[in-house]
Structures are given as C-alpha cells and as structure tokens.
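What follows is a single structure, written as structure tokens, with notes after it.
Read the figures in this text as sums done on the coordinates, not as results from a lab. In this text, all values refer to a predicted model and were calculated from it rather than measured experimentally. Note: ideal-geometry Cβ built from the backbone for every residue, glycine included; neighbour counts use all protein chains shown.
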Amino acid sequence: MTHPVFPFKKGVFLADFHIHSHYSRATSPNMHPSITNRVAKQKGLSVIGTGDFTHPGYLEELKEELEPEGTGLYVCKDDPDGTKFILTSEVSNIFTQGGKSRRIHTVFFAPDFQVVEEIQDRVGSIGNISSDGRPILGFPVKELVRIIMEVSSDCFVLPAHIWTPWFSLFGAKSGFDTLEECFEEQSKHIFALETGLSSDPQMNWRLSALDKYTLLSNSDAHSPPKLAREANCFSCEPTYEAITAAIKDPGCGFEGTIEFFPEEGKYHYDGHRACGICMKPQETIKHKGKCPVCGQNLTVGVLHRIEELADRPEGFIPEAAKPCVHLIPLEEIVAEAFGVRSITGRVKKEYQRLIRLGKSEMNILLWKSEEELQHIVPDRILEGILRMRKGEIKISPGHDGLYGKISIFSEEEREELHSSKASSKEKAVQMDLF
C-alpha cells in the first residue's frame with residue numbers, strides 16, 4: 001500500500017500563530033474570530049493565533065467572542081469544541097540604529113487577557129496602538145521586548161518573517177547581520193525565528209548562528225483562505241505552557257513545519273517589478289545591484305540575503321534539524337486541475353465537497369494515502385496532489401513584492417484539458433462536482 005509522505009508521527013496537532021484581524025491594513029473584513037475558527041477547522045488547524053491583540057477595538061471583540069479554556073488558550077463561546085486560540089499580535093518598530101533606518105516586525109504571545117490589557121496600557125502610553133491592527137512604534141524593538149517581558153515573563157517573542165527585505169530582522173533594506181545587533185541585551189528572550197513565506201528551514205540551516213533557535217512557520221494570513229498555508233506541528237499537550245515550552249525546547253514536543261514552496265514567496269529572488277526584471281543573486285552581483293532596464297537599485301530578495309550571511313553550503317542539514325513538508329493549497333490545486341482561477345464558484349464548490357469527504361484540507365494533502373484519495377478525489381486533482389507530494393512542479397520565482405507562480409501541469413496538459421472538457425464534465429457530474 002502507498003503511504004502518505006507526511007513525516008510526523010500520529011497524534012500531532014497543527015498550529016498557525018501569525019495571522020491578522022480586520023483592523024490591519026490590506027486585510028479582509030472577514031478576519032473575525034468566528035470566521036477564522038470555521039475556516040481553521042476546514043484547514044485542519046487545532047490552534048490558531050488571534051492576531052492583533054494590541055488593538056483596543058479588536059481586544060474588545062476577542063473578549064466578546066472568546067472564552068478561556070483553562071489552559072492558557074481560548075475558544076469561541078458558540079463553538080467550544082472548535083479551534084483553540086492563542087493570544088498573539090504583530091508589532092512594527094521603525095527606528096534608527098547604527099546610522100541606518102531599521103524596520104523590524106515581531107510577533108508576541110500572551111497567556112491571558114489581563115496581560116494583554118497591561119501590555120496595551122504600557123505600550124499605548126508611548127505609541128499609537130489604535131491606528132492599525134499591527135501598530136507602528138517609533139522606538140527600538142529591544143525596548144518593546146523589555147516592556148512586554150516586564151509585564152509577564154510568560155510572554156513569548158518571535159521575530160517575524162526574518163528575511164523579508166523591508167520589515168525584518170535580516171532584511172536587505174533595513175535589517176541587521178546578527179540577531180544580537182538588533183536585540184542586544186534582550187536577545188536572551190529570543191528562542192525561535194519565523195522563516196517567512198520566501199524562505200524555508202533548509203535555507204536557514206545554512207547559517208550556523210541560527211542552530212540554537214527553533215524555526216517556526218506561519219501563514220501571516222490577511223484573509224481566511226490563506227490560513228495554514230504555513231503551520232507548525234506539535235506532539236505536546238495543546239496548552240499555552242506546553243506549546244511555548246516545546247518551542248523553547250523542541251525535544252518537549254515541537255515536531256517540524258508545514259511550508260510554502262519558498263520560490264512562491266514575494267521576495268525569493270531579486271528583482272524590479274516595474275521593469276519586469278527577476279534575477280538570481282549571481283545575476284544581481286553581475287549587474288552591481290542595478291536594474292538593467294532603468295538603472296535603479298534592485299530589491300534584494302531572501303535567497304540573495306541568505307547567500308550573503310551563510311557559512312554553510314547549500315544542502316547542509318544540522319544534526320538537530322526538524323523535518324518539514326512543502327505544500328500547495330488545495331484550492332490552488334483544484335483550480336489548476338480545472339483550468340480556472342481559484343476564486344471561481346466551481347473551485348469553491350469542489351473544495352467544500354472535498355473537505356466534507358476528507359474531513360480537512362491537511363488531511364487530504366498530507367495524511368490520506370493515494371488509495372484513500374482515489375475514492376473521493378477526481379483523477380486530475382489527485383494527480384496534482386501526488387505531484388505536489390513528490391515536488392514535481394515548476395515555479396516562476398517571486399520577486400520585489402510579486403508572488404511566484406506554481407505550475408503543476410504543463411502547457412500541453414492544460415491544452416489537453418481544454419480540449420476534453422466535455423468528457424471531464426460528464427465524469428464530474430457523476431462525482432457530483434456541479
């Protein structure tokens with residue numbers, strides 16, 4: 001029998017800590033707890049971050065819709081058996097250090113509403129926390145870490161998407177070369193790093209300085225469908241204390257991550273989207289960092305930045321490395337199998353049918369064997385899932401703020417799909433797709 005490729009032992013649960021509320025810029029109005037709870041269950045998440053707990057309006061909403069479970073986590077009052085929520089929020093610090101403008105994003109975890117209220121009082125007295133779900137503060141991030149850890153030593157600090165060029169710890173535009181440069185004496189509170197959509201653990205393994213940190217992956221979702229595009233696997237108890245302990249010491253129950261294909265991230269390669277330029281690091285160096293079309297500076301991507309700081313060759317695997325699995329969201333696989341956009345009603349309907357039969361998106365993409373999937377998944381979608389599991393895909397890398405484009409099927413296969421729509425529709429009708 002064929003077995004799923006999921007490398008983690010049975011009994012793990014999946015958690016996505018970094019998301020946003022409808023109070024954040026460029027975020028869906030559907031990012032409310034009740035909706036994220038429903039979608040998180042469809043995705044197969046057991047634990048999800050609340051996002052944006054620093055915003056006063058959103059904290060009131062959280063208090064109205066959630067209730068404590070008694071484990072440091074929260075559940076929806078109208079669905080106590082649903083997905084568990086952990087109190088999280090992302091903050092942006094913009095400041096000058098070392099003669100350079102720095103822009104650092106950090107995700108914070110808190111154990112309860114009382115701690116969140118005190119954080120709001122402390123931070124709100126020196127910065128504006130009401131203008132955006134992800135507030136922008138004009139002082140060094142190390143001071144923010146100090147304040148939050150003074151409020152409660154149970155809080156947890158996670159530098160966000162650490163390689164993104166504009167807003168991150170190691171970003172080419174405003175970051176640092178080492179974690180200690182950024183957080184200085186507060187570095188003692190950092191136990192984990194978020195790799196971000198444009199990098200994966202394998203890329204981060206090339207830096208020996210990162211070996212002592214747990215590498216986490218989260219969706220940074222701005223809309224419900226983006227939940228779980230990256231996630232974390234745990235075998236510990238689903239409690240605040242156990243989860244944070246497992247992140248600090250992976251031997252206590254952190255098992256690994258679910259990953260975006262990093263080439264699909266918005267900043268994987270270097271480039272200048274205004275001129276349609278996308279380059280590998282070696283090409284950027286050849287052009288001295290300038291766009292060959294307009295002569296302006298190229299946006300240096302994640303791969304290039306890792307090449308600059310790496311002290312190990314590509315393919316190096318640390319002894320304590322945790323496994324990871326790269327995924328394509330199920331809706332995207334369905335859309336490509338149908339030859340349509342993922343936002344179409346046909347894709348949405350088929351997605352819901354598959355979730356109803358397969359229990360959750362992650363169950364379909366990861367745990368179910370090929371034989372099990374054959375009973376519920378049309379042949380072309382099944383072929384897409386199997387190719388994803390084997391990594392048999394093509395990606396046009398993302399750059400300068402543009403997502404990369406994944407192709408599961410070749411141009412010839414797509415043309416064949418269009419020429420055989422009649423027979424496909426007949427089969428689909430038999431499987432109740434329409």
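Numbers for the structure displayed
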| quantity | calculated |
| --- | --- |
| q = 0.10, 0.13, 0.14 Å⁻¹, the chain: log10 I(q)/I(0) [Debye, one scatterer per Cα] | -0.71, -1.20, -1.38 |
| Hydrodynamic radius of segment 367-415 per Kirkwood, over alpha carbon pairs, in Å | 12.4 Å |
| Ranked Ile94, Ile258, Ile343, criterion: other C-beta atoms within 10 Å, fewest first | Ile343, Ile94, Ile258 |
| Amide proton proximity set for Gln97, modelled H, under 5 Å, gap of 5+ | Arg102 |
| Fluctuation leader among His399, His20, His32 - the chain, Gaussian network, Cα springs under 10 angstrom | His32 |
| Bins of 5 Å from zero: percent of alpha-carbon pairs in segment 201-351 | 2, 8, 13, 14, 15, 15, 14, 10, 6, 2, 0 |
| Proxy reagent accessibility, fewest Cβ within 10 Å first, across Thr284, Thr96, Thr178, Thr71 | Thr96, Thr178, Thr71, Thr284 |
| Antiparallel content of DSSP bridges confined to the chain, in %, to 5 | 70 percent |
| Rounded to whole Hz, the Karplus (6.51, -1.76, 1.60) HN-Hα couplings of segment 396-404, x for glycine and proline | 8, x, x, 6, 6, x, 9, 5, x |
| Hydrodynamic radius (Kirkwood) for segment 13-264, which is based on Cα pairs only, to one decimal in Å | 17.9 Å |
| Under the Karplus curve 6.51 cos²θ - 1.76 cosθ + 1.60, θ = phi - 60°, whole-Hz ³J(HN,Hα) for segment 71-87, x wherever Gly or Pro sits | 10, x, 10, 10, 9, 5, 4, 8, 8, x, 9, x, 5, 8, 9, 10, 6 |
